[in-house]
Amino acid sequence: MKNVAVIGGDGIGKEVVAEGVKVLRAVAELRGIELKLHEYDLCADRYLKDGVTYPDDVRAFIKDECDAVLLGALGDPRVPDMTHARDILFGLRFGLDLYCNIRPITCMHERLMPLKGVKAEDVDIVVFRENTEGIYVGMGGHFKKGTPDEVAIQEDVNTRKGVERVIRAAFEFAKSSGRTKVHMADKHNAMKHAHELWIRTFREVAEEYPDIEAHHVFVDALCLYLIQDPTQFEVIVSCNLFGDIITDLGAALQGGMGMASSANVNPGKVSMFEPVHGSAPPLTGKDVANPLATVLSVGQLLAHLGFPEEEQRLIGLVREAVATGNCTTEVGGRLGTRATGDYIVSRVLS
């Protein structure tokens, strides 16, 4: 029995996760996968009602009993300091030590490719973003806050363990998937302590993989090259902040954030899967949100559970949905959120 926790989140998060759950149930039914879903009401509404963000009993159950988590978008203008979102998202990422944020950049159809002279099939990149360290750990503070002399300090935390394990994961993925190149993006020319660790570790780990080309590129140059010629990239690894920027830029090459899936992984342990778009409050309840990133995230979840062939099948069905217009208007289709999910389910069961 596989236990999967489901947290719909806020705004359109609930809507797209509902479609992802439909697809997940359909695959499990068709393939005879023993699957139990545990749905949790953790969101802004809950926080505003009783102050609950990420309770200890849920935290313990997910850590000790679950195999995976499917998470929707978090964020609500009624909670401007994002207390609930931070507690839930960081509680999962840091609490479960989900050190690999894996973001595929795959273009599903020619009409989604914004670059002249680049074919959809030419863009097939996987980004490994370090997910538990860097500038996002929240270390720092203010001095003389609110005065003309205010000082704000944000610490960038990088450990040898954290840097090495995500770099090694990128090389291992390249090796296992038949890819031949790994690029590492940093800024060690300006961040000579933190990112000297990155470049040194990258070079040392690369020596263990002589059959894979190892390339270093500064992150600003990489962003330029990604637009000039994305075909040169296969696997990219970077720190938390830069990985966030690179992957959001990469989403522009695949039809926008509504097509961008992600896996937050601790290999062999409970891991979390989520579409990476926002909660989009203005779109809530209008049946227009694109659920395909969630479907792709469900595919990654299934691969994590030991069914990689089901991920490949869902990728093919998403490609088909876009090609035939059985998708939302955002990516050139004619359907709403629910109908798009229904189309994928119908094709899974056909």
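Of all residues in the range 1-17, those satisfying the criterion of being in a helix (DSSP H, G or I) and touching a strand residue (DSSP E or B) at 6+ places or on another chain (Cβ under 9 Å) are GLY13, VAL17.
Selection of the range 205-225 for residues being without any contact (Cβ under 8 Å) to a residue 12 or more places away in the chain and assigned to a helix (DSSP H, G or I) yields ALA221, LEU224, TYR225. Scanning the range 17-55 for residues that are closer than 20 Å to LYS2 by Cβ and of a type in the set (Lys, Arg) returns LYS22, ARG25, ARG31, LYS36. For the range 298-333, filtered to residues that are under 17 Å from VAL345 (Cβ atoms) and among the β-branched types (Val, Ile, Thr), the residue that is farthest from the chain's Cα centre (by Cα) is THR324. Evaluation of GLN232 against the conditions (1) over 19 Å from the mean Cα position of the chain (by Cα); (2) under 22 Å from ALA85 (Cβ atoms) shows that the sole unmet condition is (2).
The number of residues in the range 27-73 that are crowded, with 18+ Cβ neighbours inside 10 Å, out of contact with any strand residue (DSSP E or B) (no Cβ under 7 Å at 6 or more places or on another chain) and under 27 Å from SER350 (Cα atoms) comes to 1.
Among the residues making up the range 331-350, those that are buried (at least 18 other Cβ atoms within 10 Å of the Cβ), in a helix (DSSP H, G or I), out of contact with any Lys or Arg (no Cβ under 6 Å at 6 or more places or on another chain) and not β-branched (Val, Ile, Thr) are TYR343, ARG347. Scanning the range 21-59 for residues that are in contact (Cβ under 8 Å) with a residue 60 or more places away in the chain and in contact with a Phe, Trp or Tyr (Cβ under 9 Å, 6 or more places away or on another chain), we see that the one that is nearest to ALA339 (Cα to Cα) is VAL27.
Read-outs: derived from the displayed coordinates by stated rules, not from any lab. This structure is a prediction, so every number in the text was calculated from the model and none was measured. Glycine also receives a Cβ, built like all others from the backbone with ideal geometry; neighbour counts cover every protein chain displayed.
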